[in-house]
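Data block below; observations after.
Each reported figure results from applying straightforward, stated rules to the coordinates on display, with no laboratory input. All of these numbers come straight from a predicted model, not from anything done at the bench. Positions of Cβ are backbone-derived with ideal geometry, glycine not excepted, and every protein chain shown enters the neighbour counts.
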Amino acid sequence: MQQNNLLGRNLVDSDSKPPIEYILSFNQVGQHLIDVTLSFTARSQQELWLPVWVPGSYLIREFSRHVSTPTATTSTSRQISIEKITKNRWRLDCHDGEKVVVHYQVYAFDLSVRGAYLDHTRAYANPACVCLAVAGQENVSTLLTIQSGQVFARLPIACSLRPYSAALINETNSTYQFIAHDYDELIDHPFEIAEQSLASFDVLGIEHKIAISGRHRTNMPRLLTDLEKICRYEIEFFGKAPFQDYLFMVMATGSSYGGLEHQNCTSLITPREDLPHANEPVQPASAYRRFLGLCSHEYFHSWLVKFIRPQEFAVLDLEREVYTRMLWVFEGFTSYYDDLILYRSGVIDRSAYLELLAEQITRYQQNAGRAHQSLSDSSFDAWIKYYRPDENSQNATTSYYNKGALIGLCLDLTLRARGSSLDALMRELYKLAQQGQYLTAHTIPDLCEKLVGERLTDFWQNYVDGTTQLPLEEMLSAVGVQTIVEQKVWPLGLKTTETSHGLTIQQVLRDSVGAKAGLSAHDVLIAIDGIRATTALLGQWADSAGFNANACSKAGNSLTCHAFRRDELMVFQLQPVASIMQTVRLSIANPEQLTDWLAPVNPI
Ligand SMILES: [Zn+2]
């Protein structure tokens, strides 16, 4: 463990101040307003712009909606008029070579890892939400000056940007300065000022730090032990780290969850219950296992997506959607490895890993949308579908995380059956990236051909570009893992929650009797066959034959349901047929058949 006040890389010796400077001040915590001063040398009719999305999270977020109207002056105090020309762009009426100072405020009250947040407990920001880019000067080096103000005086700052200069870092009045080579580097480094539990650990000579804010009672020694194993495994897996130091930024809350990858850090938000307890068992509880999986996932992204990137991400246009059909590789393979690495690094045992894999398979089996959207389409439409889930998502879409992870498994087992592995393919991808190459649609089939002598054309056509059911049971059986399928019943194809008003329908399964009769998500079912609707009553219609003889319907085999849609009472007639959902468990059937894929791991 280590107590220090600055989480950053080595100081930069710099003779000249970078041409662009952002000064962020946090004096208006009650109103959640960050004051920003931006100084630079302008070009004629200089434009400023703010990203509309943040790398790693594929949704147009319109960060500029929280930016106040900027004002600008020159060094000679001449007021410069500013015209807003698009939703996220401003044009300054200035001359070439003029020194310009721009002021504006940003409303910051988004607790997520993609936004900015300011109150009396915490100042946090992704610079993509806060720092207006100077158009045409995005490649210019930038100074980020953070004046924490009285509320945060003497509190630590977590940031993995390089501190600018020792002389300018003054902890007594809490001003910190960091340098970024360009705008892309600037926005890849969130920072946080708050009460933090700080610790550091070394992994193969690389310094790793962790800063945990929020209310929590983390068993820090246990967390460091497990994280060190995971990080060491991942660096050794690829052979080299694409960073010189690494920072885990963690915010503990009641129930929020999420993570965002950056090149040499990750920002995580987690339920405090997921952090290891003082008496955490040797085999992590499922909550802590989830947190370790999140760390493993975001850390893996330092290689896969931050360093190994699709061609479409070579130069990111942050003002509009950037489409790729390969998120199933970047998010899917990362999701495959995040849990597998917990096992391989010795943090969880094999039965715990099989439990996680079974959960992944169950999610896939219960997703009716898998028959209607391919992985490739799911990746492409992330902007409008995955990131905008609604009551129909389960019926119409497939997740490139979930199915992508299982494609990772299927490809791994396919390659292993032919003498290679997904591990080998990942290392080849890393090699290509080190040579400056990006992934295209041909890269992975080409590499498979190189590794096993086949392009695996059917595999891509059926499982990535098509919606053919994944042959999971068959493939797992071939490596000695038995799939045990259990059936779970959705009465009438409905998933509901009971309230004092009745049964609120959360989801109606596609093609079920409920869907065909017209029952819809958000309807409140109040009576079934003339009796007040309860979970227990609905359950009577849950036998797989579809009809419970004890629950006699007045209309023969047809069932009458009354439900409110908004404030209007509606009547639905339907045949009482239940829908079957599969739940999966996995067990080792033939230990002698197990390949390297699940070979015993000696805890490190
Ligand atoms: Zn991810």
* Fully extended contour minus Cα-Cα distance, from Asn139 to Asp446, at 0.36 nm per residue -> 107.1 nm
* Total charge dipole magnitude, the chain, about the Cα centre, Cβ charges on Lys, Arg, Asp, Glu only, Debye to nearest 20 -> 760
* Structure fact -> Expressed to two decimals, region 16-77 has a Cα Rg over Rh, using the Kirkwood radius, of 1.00
* To do: List, in order, the whole-Hz ³J(HN,Hα) value for each residue of region 238-243 obtained from phi through the Karplus relation with A = 6.51, B = -1.76, C = 1.60 and θ = phi - 60°; use x for Gly and Pro.
  => 8, x, 6, 9, x, 8
* Relative pair counts by distance (%), Cα atoms of region 197-287, 10 Å bins -> 16, 48, 32, 4
* If you project the alpha carbons of region 488-582 onto the principal axes, what extent comes out on each, in Å, largest first? -> 33, 31, 23
* Radius of gyration and Dmax over the Cα atoms of region 447-538, both given in Å -> 21.3, 66
* For region 400-466, the fraction of alpha-carbon pairs in successive 10 Å shells from zero, as % -> 20, 56, 24, 0
* What's log10 of I(q)/I(0) for region 156-240 at q = 0.14 Å⁻¹, Debye sum over Cα points only, no solvent? -> -0.66
* **D (Stokes-Einstein, µm²/s), Kirkwood Cα radius, region 317-476, 1.002 mPa s at 20 °C** => 130
* Asked: Where the centroid of each part is defined by its Cα atoms, how far is region 189-224 from region 62-76 in Å?
  -> 35
* Structure fact -> A correct fewest-to-most ranking of Arg65, Arg566 by other Cβ atoms within 10 Å would be Arg566, Arg65
* Asked: Which aspartates and glutamates, on any chain, are close to Lys240 with Cα under 16 Å apart, when same-chain ones fewer than 8 places away are left out?
  -> Asp202, Glu207, Glu228, Asp423, Glu428
* To do: Could you pull out the chymotrypsin sites (Phe, Trp or Tyr not before Pro) across region 281-336 that fall in loop regions by DSSP (anything but H, G, I, E, B) with no more than 15 other Cβ atoms inside 10 Å?
  => Tyr323
* Structure fact -> Taking every alpha carbon pair in region 108-221 and sorting the distances into 5 angstrom bins from 0 up to the bin holding the longest one, the percent per bin comes out as 2, 10, 19, 21, 22, 15, 7, 2, 1, 0
* Asked: Taking every DSSP beta bridge that has both residues in region 6-194, what percent is antiparallel when rounded to the nearest 5?
  -> 85
* Structure fact -> The Kirkwood hydrodynamic radius of region 6-194, taken as the inverse of the mean 1/r over all distinct Cα pairs, in Å, comes to 16.7
* Structure fact -> Taking only the alpha-carbon positions of region 103-151 as identical scatterers, the Debye log10 I(q)/I(0) at q = 0.23, 0.30, 0.33 Å⁻¹ comes out as -0.98, -1.27, -1.35
* Structure fact -> Ratio for the chain, C-alpha Rg to 2.2 N^0.38 Å, reads 1.08
* Please report the Cα spread of region 228-328 along all three principal axes, rounded to whole Å, starting with the longest. => 47, 32, 24
* Asked: Amide H of Lys488: which non-local residues (sequence gap of 5 or more, or other chain) have their own amide H closer than 5 Å, using H built in the peptide plane?
  -> Met581, Gln582, Thr583
* What net charge is computed for the residues neighbouring Ser255, neighbours being all others with C-beta under 12 Å from the C-beta of Ser255, Lys and Arg scored +1, Asp and Glu -1? -> -1
* Which pairs break 32 Å Cα to Cα here: Lys385/Lys488; Lys84/Lys209; Lys229/Lys306; Lys306/Lys495; Lys403/Lys431; Lys84/Lys385? -> Lys84/Lys209; Lys306/Lys495
* With axes computed from alpha carbons, what is the tilt in degrees of helix 286-300 against the longest principal axis of the chain, rounded to the nearest 10 within 0 to 90? -> 50
* Kirkwood estimate for region 483-527, i.e. one over the average of 1/r between Cα atoms, Å -> 11.2
* Rotationally averaged projected area of region 429-490 (alpha carbon convex hull; nm²) -> 6.9
* Structure fact -> Taking every DSSP bridge whose two residues both lie in the chain, the antiparallel percent to the nearest 5 is 80
* Asked: So what is the 222 nm mean residue ellipticity for the chain from helices alone, if each DSSP H run of at least 4 adds -39500 (n - 2.57) and you divide by all residues, rounding to the nearest 500 deg cm²/dmol?
  -> -6500 deg cm²/dmol
